[in-house]
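Asker: Right, I'll just put the structure down here and ask away after.
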Amino acid sequence: MRPNSLLLVTAAFFMGAGVIRAEEATMPPRQMLLEKAVELPTNKVNARVVRVIFPEGYKTPLHTHEGPGPRYVVKGKVKIEEGGQVREYGPGEVFWETGQWMTAENVGQGEAELIIMELAAPK
């Protein structure tokens with residue numbers, strides 16, 4: 001038997017045995033929400049994921065976070081004031097917070113829920 005024939009017979013055997021080929025496997029759909037090049041403060045980074053719920057009408061005092069990172073709005077509508085810029089975000093939107101002084105305000109109806117991811121130097 002020639003080498004190519006052996007390869008075809010072997011491939012046919014495995015395909016018939018219920019082996020899933022790579023082109024047949026499907027992955028769930030993916031949607032890129034945010035991509036950003038980041039310069040890390042050190043080789044070791046403390047990554048934190050925090051969930052916060054703001055009551056209707058709540059506004060944070062002027063504050064900073066331990067580090068920059070993406071923020072994801074789960075529900076509600078928030079107004080973010082940071083670095084002299086003001087932007088509003090709603091459900092499913094992602095924004096980048098730099099770690100500068102900022103405020104966040106729930107400007108929607110009902111609660112606002114955010115997932116905050118921080119990248120900071122370990123304490």
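The values are calculated or read from the model by the stated rules, or taken from the named source; none is laboratory data. From a predicted model like this one, the values you see are computed outputs, not experimental measurements. Here Cβ is always computed from backbone atoms with ideal geometry, including for glycine, and neighbour counts include all displayed protein chains. These area figures cover heavy atoms from the full protein model, side chains too; ligands, DNA and RNA do not enter into them. Shrake-Rupley method; radii C 1.70, N 1.55, O 1.52, S 1.80 Å.
Asker: Could you grab me the full set of residues in region 106-123 that are in contact with a Pro (Cβ under 8 Å, 6 or more places away or on another chain), in a strand (DSSP E or B), open to solvent by 30 Å² or more (accessible area, probe 1.4 Å) and closer than 13 Å to Val52 by Cβ?
Answerer: Selection gives Met117 alone.
Asker: So which residues in region 66-80 are more than 13 Å from Ile115 (Cα to Cα), more than 17 Å from the chain's Cα centre (by Cα) and either free of Cβ contacts under 8 Å to residues at least 24 places away in the same chain or crowded, with 18+ Cβ neighbours inside 10 Å (or both)?
Answerer: Residue satisfying the conditions is Ile80 alone.
Asker: Let me ask another. Can you tell me how many residues in region 81-105 are more than 19 Å from the chain's Cα centre (by Cα) and open to solvent by 20 Å² or more (accessible area, probe 1.4 Å)?
Answerer: Looking only at that region, the number is 9.
Asker: While we're looking at this one, here's another question. Say we look at region 33-63 and pick out the residues that are among the β-branched types (Val, Ile, Thr) and either part of a strand (DSSP E or B) or touching a Cys at 6+ places or on another chain (Cβ under 7 Å) (or both); which of these is most open to solvent (accessible area, probe 1.4 Å)?
Answerer: Restricting to residues being among the β-branched types (Val, Ile, Thr) and either part of a strand (DSSP E or B) or touching a Cys at 6+ places or on another chain (Cβ under 7 Å) (or both), the top hit is Val49.
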